[in-house]
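The structure appears right after this line, and notes come after that.
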Amino acid sequence: MQIIISNNSKEPIYEQIYAQIKTHILKGELQVGQPLPSMRQLAKDLDISVITTKRAYEELEKNGFIYSIVGKGSFVSEQNNEMIKERKMQVIEEQLTAAIQNSKEIGVSRTELIELLTMLYREEE
Amino acid sequence: MFNLIWKDLVLQKKGVMILLPALFGYIVFNPSYIWIGIVFSIVIIQDVFAKDEHSSINKLLNSLPYTRQEIVTSKYIGAIIFTLLVALTMIIGGMLIHKEIPTWKEIMLMVSLSMLAVSFIFPFSYKFKSQYILKAFLVLFVVYMIVITIFIHNLNDILREFVQTILTLEDPSVFLVMILSIMVLYIFSWLLSIRIYRNKVF
Amino acid sequence: MENVIELQNVNKSFKGFQLKDFSMTVKKGFVTGFIGGNGVGKSTTIKLIMNLLQPDSGTISIFGLNYKQHEKKIKQRIGFVFDDNIFYEHLTLTEMKRIIKRAYSNWDDNLFRYYVEQFELPLNKKIKTFSKGMMMKASLTIALSHHAELIVMDEPTSGLDPVFRREFLDVLHRLMENEDKTIFFSTHVTTDLDSIADYIIFIDKGQHVFTKESTQIEEEYAIVKGEKELLDADTKKEFISIRKSNHGFEALTANKNRIEEVFGQMVLIEKPSIEDIMFYTKKGAEWHV
């Protein structure tokens, strides 16, 4: 699991960790039931304080991304609808970004792209 | 606590190894055991004391799992051990060099007088600093010289005679009373040192 | 959560210095950094925790025990590092170890050897030839070799080069993988705290200023920069301290969210270092340069 934190960002470190682990889960890189590194291990590896990872894990647990078992550690939760939605959104974003990049390469303008999208959307309905 | 005494013995190993042979040398020239024994005992005991006197060493000893009472007590027990070590060296030295060992009275007197001196030196050193002991000795010496030259010209002889009288005393009970009172004084001094050391700031 | 160190309403006065009604706690399983300027009472507090000093009033308990009845029991479980040399200078590290080893029932020679190798310490050189960094490594080695649950350190990083400071923090990080360990250390090198401290206790002029989680500091505090025209009687209330110059102002706030609401995009909001927090808190109110 890759986690890259910036000490200079305005965003608190625990939020950076929270966001990155969340992304890993939503992208499916971390699977349901898979164990996360222990808070203390992660703190050591990232060279940050234990309380920071603890806080990140608490937020992840509060929002249902992970669950923890005392003495065993933390695991990726089964995702609920909200999360599946969020995960799909992420995929959509990625695909749209790709579409935008392709459009730019061949000079399709934003308006043209939106028109195309609206047209395709109607066809699906 | 015995770890602390062991520590002093280890730290003083080199010093003792130099001083005790030196004691042999003295015995060759001068078989007056009592005074030499006292001087050697006190020098060794003071040296042990001075090694632990730095506030940084006090910080170490007091941060280790020892109580202040143990730290002081170890010094008092250690002082007796070092004195006995000197006495033992004198016995061996006397045997080897003069083919006669000091009498038990001489040994007892030497040990008692060393303990008497320690009884005063330790509380003083805990209260102030052992380096002042030297100054205190100098002052005492000057006072002694003044007393000899001005007031009692034959004080030296009186003292020597006094010691001789004690040594030739046939009645052991006087001897016993003397040793007992020094022991009481030693214990009193030990309690006083604990009291002083308890409130020390490092 | 369990408290390993607890000071309650502790008072201690010396000539020209006073620790006033001082209370603090250190939680088990975490690293607590103790910050403050020179001569504000950090060392005094550490000495009180080590029972090198007794308080005039108030209570001190370590592992829930008091020193009156459990002095040896408590000290068996503490490893300590001071910023000065507390060893016999004319001894070698091996000789020093032999002396200290006997004091602890849990001494572990393997652990000692492990740290000696890791820190590349000479075993047979006299301690008085040690550099400041080596001295510190030697102290740390001794402190960590008896499975102490609580490590108390007084200014461990002062006078150390940056490379060794990192090594030192690494050792602490590794130690904290074990959730039964607790570390308490004072420092004025506040960058030490950024990566390791879970809690920060700030002392000033013998008084407790705050105890906060480091994440809480990240969330609440911010350095705000903007034009002086933005400051008025109302907006000034949001700041702990304001530094004004001819070109604008810089200020510390303990209410980052509120500032974002009030000023929005009109100001620059930055993450403060612990040094910033110390500096502004000590300065107080507002001043002009």
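The values are calculated or read from the model by the stated rules, or taken from the named source; none is laboratory data. This one's a predicted model, so the numbers in the text were calculated from it and none came from an experiment. We place every Cβ from the backbone using ideal geometry, glycine too, and count neighbours over all the protein chains shown. The protein model used for the area step is the full one, side chains on, heavy atoms only, and it has no ligands, DNA or RNA in it. Shrake-Rupley method; radii C 1.70, N 1.55, O 1.52, S 1.80 Å.
The table for this structure:
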{"quantity": "Nearest 10 degrees, 0 to 90: helix A:110-124 Cα axis against chain A principal axis", "calculated": "90 degrees"}
{"quantity": "Percentage relative contact order, the range C:50-195, counting C-alpha pairs under 8 Å, at least six apart", "calculated": "27 percent"}
{"quantity": "J(HN,Hα) series, the range C:177-189, from Karplus relation 6.51 cos²θ - 1.76 cosθ + 1.60, nearest Hz, glycine and proline x", "calculated": "5, 8, 6, 8, 8, 10, 10, 10, 9, 8, 6, 10, 8"}
{"quantity": "Part-to-part distance (alpha-carbon centres) for the range B:73-140 and the range A:104-125, which is given in Å", "calculated": "104 Å"}
{"quantity": "Percent of beta bridges antiparallel (DSSP, chain C, rounded to nearest 5)", "calculated": "60 percent"}
{"quantity": "Protection-proxy order for peptides B:184-194, B:117-127, A:93-103, each taking the mean of Cβ atoms within 10 Å per residue, highest first", "calculated": "B:117-127, B:184-194, A:93-103"}
{"quantity": "Average accessible surface area per residue within chain A, 1.4 Å rolling probe, Å²", "calculated": "67 Å²"}
{"quantity": "Cα-based reach from C:LYS125 at 14 Å (exclusive), listing aspartates and glutamates while leaving out same-chain residues under 8 positions away", "calculated": "C:GLU89, C:GLU95"}
{"quantity": "Choice from B:VAL163, B:VAL48, B:VAL143 showing the highest fluctuation, given a GNM over chain B with Cα pairs closer than 10 Å", "calculated": "B:VAL143"}
{"quantity": "Length-normalised contact order of the range B:57-131 in % [C-alpha pairs under 8 Å, at least 6 apart]", "calculated": "23 percent"}
{"quantity": "Relative pair counts by distance (%), Cα atoms of chain C, 5 Å bins", "calculated": "1, 5, 11, 14, 15, 14, 12, 10, 7, 4, 3, 2, 1, 0"}
{"quantity": "Most to least packed among B:106-112, C:227-233 [average Cβ atoms within 10 Å]", "calculated": "B:106-112, C:227-233"}
{"quantity": "Farthest positive-ward along the protein assembly as shown dipole, Cα basis, beta-carbon charges - from C:LEU7, C:PHE168, C:ALA285", "calculated": "C:LEU7"}
{"quantity": "Which of B:SER74, B:MET145, B:HIS98, positive extreme of dipole for chain B (C-beta unit charges)", "calculated": "B:SER74"}
{"quantity": "Folded to 0 to 90 degrees: helix B:172-198 orientation relative to chain B principal axis, Cα", "calculated": "20 degrees"}
{"quantity": "Calculated FRET value between C:TRP107 and C:LYS128, using beta carbons and R₀ = 25 Å, to 0.05", "calculated": "0.55"}
{"quantity": "Over 26 Å between alpha carbons, listed pairs C:LYS73/C:LYS205; A:LYS62/C:LYS42; B:LYS13/B:LYS99; C:LYS68/C:LYS132; B:LYS75/C:LYS75", "calculated": "C:LYS73/C:LYS205; A:LYS62/C:LYS42; B:LYS13/B:LYS99; C:LYS68/C:LYS132"}
{"quantity": "Candidate aspartates and glutamates for bridging to C:LYS72, where Cα separation is under 19 Å - those fewer than 8 sequence places away on the same chain excluded", "calculated": "B:GLU70, C:GLU6, C:ASP108, C:GLU149"}
{"quantity": "Distance (nanometres) between label positions extended 7 Å along Cα→Cβ at C:ASP234 and C:ASP161", "calculated": "5.7 nm"}
{"quantity": "Top of B:VAL86, B:VAL177, B:VAL43 by mean-square fluctuation, Gaussian network on chain B, Cα under 10 Å", "calculated": "B:VAL177"}
{"quantity": "Peptide-level mean, for A:9-16, of C-beta atoms on other protein chains within 10 Å", "calculated": "4"}
{"quantity": "At R0 = 56 Å, FRET efficiency that the Cβ-Cβ distance of A:SER6 and B:ASN199 yields, to 0.05", "calculated": "0.60"}
{"quantity": "Sequence-separation-based contact order of chain A, relative, with Cα cut under 8 Å and 6+ spacing, percent", "calculated": "22 percent"}
{"quantity": "Choice from B:LEU20, B:LEU84, B:LEU155 with maximal GNM fluctuation in chain B (Cα, 10 Å cutoff)", "calculated": "B:LEU155"}
{"quantity": "The protein assembly as shown - share of DSSP beta bridges that are antiparallel (%, nearest 5)", "calculated": "65 percent"}
{"quantity": "Positive-pole candidate from A:GLY73, A:LEU36, A:SER109, dipole of chain A, charges at beta carbon", "calculated": "A:GLY73"}
{"quantity": "Label-point separation, C:HIS247 to A:GLU94 (7 Å along Cα→Cβ), nm", "calculated": "4.5 nm"}
{"quantity": "Cβ crowding within 10 Å averaged over residues, with A:9-15, C:163-169, B:33-39 ranked highest first", "calculated": "B:33-39, A:9-15, C:163-169"}
{"quantity": "Simple label model, 7 Å out from Cα along Cβ direction - A:LYS72 to B:PHE188, nm", "calculated": "7.3 nm"}
{"quantity": "Averaged over B:59-72, number of beta-carbon atoms from partner chains that fall within 10 Å", "calculated": "6"}
{"quantity": "Per-residue average of Cβ from other chains inside 10 Å of C:83-89", "calculated": "5"}
{"quantity": "The protein assembly as shown - percent of accessible surface contributed by carbon and sulfur, probe 1.4 Å", "calculated": "57 percent"}
